[in-house]
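I have placed the structure first, in the form of C-alpha cells, so that the comments after it can refer back to it.
The values are calculated or read from the model by the stated rules, or taken from the named source; none is laboratory data. The shown structure was predicted, so the numbers you read here are calculated from the model rather than taken from an experiment. Quick reminder, even Gly has a Cβ in these numbers, built from the backbone with ideal geometry, and neighbours come from all protein chains shown. The accessibility values were calculated without ligands, DNA or RNA, using every heavy atom of the protein model including side chains. Shrake-Rupley method; radii C 1.70, N 1.55, O 1.52, S 1.80 Å.
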Number of protein chains: 2
Amino acid sequence: MPRASLSPGAVVGLALRIVDEEGPDALTLSAVAGRAGVATPSLYKHVRGLAELRGLVSGRVLAELTEIAAEAVLGRSGDDALRALMDGWRSYAARHPHRYSVLVQAPLPETAEAGDRLVGVMLAALRAYGLEGSAAIHAVRCLRAVTHGFAVLEAEGAFRLAEDLDESYALLAHMVVSGLRTAREMSAADSTPGR
Amino acid sequence: MPRASLSPGAVVGLALRIVDEEGPDALTLSAVAGRAGVATPSLYKHVRGLAELRGLVSGRVLAELTEIAAEAVLGRSGDDALRALMDGWRSYAARHPHRYSVLVQAPLPETAEAGDRLVGVMLAALRAYGLEGSAAIHAVRCLRAVTHGFAVLEAEGAFRLAEDLDESYALLAHMVVSGLRTAREMSAADSTPGR
DNA sequence: GAATTTGGCTAATGCCATTAGCTTTACGGC
DNA sequence: GCCGTAAAGCTAATGGCATTAGCCAAATTC
C-alpha cells in the first residue's frame with residue numbers, strides 16, 4: 001500500500017524537520033519513520049541507510065546555503081559583495097542553528113560537490129579584488145574559515161557574553177576586507193630582508 | 001577484584017586513545033571497556049554514562065589546547081603573541097585531528113568553564129592592543145571564530161585543493177592583525193554620516 | 001485484465017547504553 | 001593478624017536503534 005507517498009526527497013524533508021525541531025542527534029531512522037507514519041525498514045526503499053540520509057540532509061543544507069550566498073552576491077561586488085555574503089551566511093545559520101550544526105560533521109564525499117558550488121560563489125564574490133590563481137584560493141579558504149567558524153560558534157551557543165554579536169561580526173567582516181586589501185603588503189613584507 | 005586500577009582519569013585516557021585511533025564516532029562505552037579489559041557496566045563506577053564521558057574528554061582536550069595557547073603566548077606580545085597563539089592552535093588541531101573534532105559538538109555546560117580559561121589566554125594575548133571593555137570581547141570572538149573555523153575545516157579535510165595551507169593560514173593571521181590594527185577606523189567609518 | 005515493478009509490511013538479529021542486584025577485593029580500625 | 005565496610009568488579013535483564021531477509025499488496029504498464 002504505497003500510500004505514504006514517500007520518496008528520497010520527502011524523507012530528507014522529514015529529516016530536516018526533525019533536525020530543526022529536535023536537534024541533529026534526534027535524526028534517527030526510527031524518528032523519520034514515525035513522522036512518515038511508516039515502519040522503519042520501509043525507509044530503506046528510499047534511502048540506503050542512516051549514513052546516506054545524513055549525507056543527503058547535509059547536501060540539502062549546503063545547497064540552501066549556496067543559494068543564499070549566491071543571492072546575496074547578486075548585483076554587488078567588492079567589499080559590498082563580501083559583506084552581503086557573510087551576512088547572508090550568518091543569518092541562515094542563526095535562523096536554522098540545528099540545521100547548520102548538521103553541516104559541522106557531515107560525511108565528506110557526500111557534501112564535497114555541494115561545497116564546490118559554494119566555493120564557486122565565494123570566488124565570484126572575490127572577483128573584484130583581482131586575486132589570481134593561488135591567491136584566490138587562499139582568500140576563499142580564509143573566507144570559509146571565518147564565516148564557518150563564527151556560524152558554528154554562534155549556532156552552538158558558544159558566545160555566552162552579553163556583548164552585541166552584530167558588532168563582533170562587523171569586526172570580523174572588517175578583518176576580512178581590510179586583510180584582503182592589504183594582502184599584497186603581507187607577502188611583500190614576508191620576503192623583505194631583515195626580520 | 002579491583003585489579004584494573006581504573007579511575008575517571010584513566011577512563012578518559014583510554015577514551016582519548018580510542019578517539020585518536022578510530023575517530024570520535026568510535027568512542028563508545030563498550031569500546032572503552034574493551035580496552036580496559038572490563039565489562040561495560042563496570043565503567044559506571046567511574047563515569048556517569050557516555051554523555052558524561054564525552055564531556056570529560058572534551059574538557060581534557062580543551063585544557064590541552066589552553067595549555068598550548070598559554071605557552072605560545074608566554075614572553076610575547078602584540079602581533080607576535082597573536083601569531084604564536086594561532087600557530088600553536090592550528091598545529092595542535094593538525095596533530096590530533098580526531099581529538100579536535102571532539103570539540104566540535106561538545107556538550108556545552110561541561111566545556112564552558114574550560115573554554116573560559118582559553119578565552120582568558122586570548123584576552124591576554126590581545127592585551128598589547130589596548131582594547132577596552134567590549135572591544136576586547138569582540139576581538140576575542142573574532143579570534144575564536146577564525147582559529148576554530150580553520151582548525152575544524154582542516155581537521156575534517158575540507159580543504160581539498162593543492163595550495164599550501166601554511167600560506168592560507170598566513171593570510172588568515174594577516175587578516176586578524178591588520179584588522180585589529182585598523183579596527184578604530186572601522187567604528188569611526190560606521191558612524192560617519194553619508195553611508 | 002494480467003504482469004511486473006514498487007513500496008510497504010513483519011520477523012529476526014545484533015550492537016549499544018543503562019539499570020539492578022550480587023560478589024569479591026582492598027583497606028582501615030581494632 | 002582479624003573483621004567490617006566500602007569500593008569496584010561481575011552477570012543478567014531491558015529497551016532503543018539500525019539493518020537484513022523475505023513476504024504481500026498496490027500501482028503502473030502493456
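Annotations
- Shape call, the range B:1-109: gyration tensor on alpha carbons, a/c limit 1.5: prolate
- Listed residues A:Leu118, A:Leu65, A:Leu50, most fluctuating in chain A (Gaussian network, C-alpha, under 10 Å): A:Leu50
- Placing a label point 7 Å from Cα along the Cα-to-Cβ axis, A:Ser77 is separated from the same position in the other copies by 4.5 nm, shortest listed first.
- In degrees, nearest ten, helix B:50-73 long axis to first principal axis of chain B (Cα): 40 degrees
- Taking every protein chain into account, the accessible area of the protein assembly as shown amounts to 48 square angstrom per residue (probe 1.4 Å).
- Gyration tensor (alpha-carbon) shape descriptor, the protein assembly as shown, a/c threshold 1.5: oblate
- Global geometry of the range B:57-190, whether rounded, prolate or oblate, following the gyration tensor of its Cα atoms and the 1.5 cut on a/c: oblate
- Closest-to-axis residue of chain A (Cβ criterion, axis taking A to B), whole Å: A:Gly149, 1
- In degrees, nearest ten, helix B:8-22 long axis to first principal axis of chain B (Cα): 70 degrees
- A:Arg144 accessible area, 1.4 Å probe, all protein chains in place, Å² to nearest 10: 50 Å²
- Per-residue HN-Hα couplings for the range A:91-98 [Karplus 6.51, -1.76, 1.60; θ = phi - 60°; Hz; x = Gly/Pro]: 6, 4, 4, 6, 6, 10, x, 5
- Nm distances between copies for A:Ala128, ranked from closest, using label points 7 Å along Cα→Cβ: 3.4
- Between copies, the label points at A:Gly157 (set 7 angstrom from Cα along Cα-to-Cβ) are spaced 3.3 nm, reported in nanometres from shortest to longest.
- Contact order, relative form, for the range B:1-49: 37 percent (alpha carbon pairs under 8 Å, 6 or more residues apart, mean separation divided by residue count).
- Each listed q (0.25, 0.33 Å⁻¹) maps to a log10 I(q)/I(0) for the range B:1-47 from the Debye sum over equal C-alpha point scatterers, namely -0.86, -1.35.
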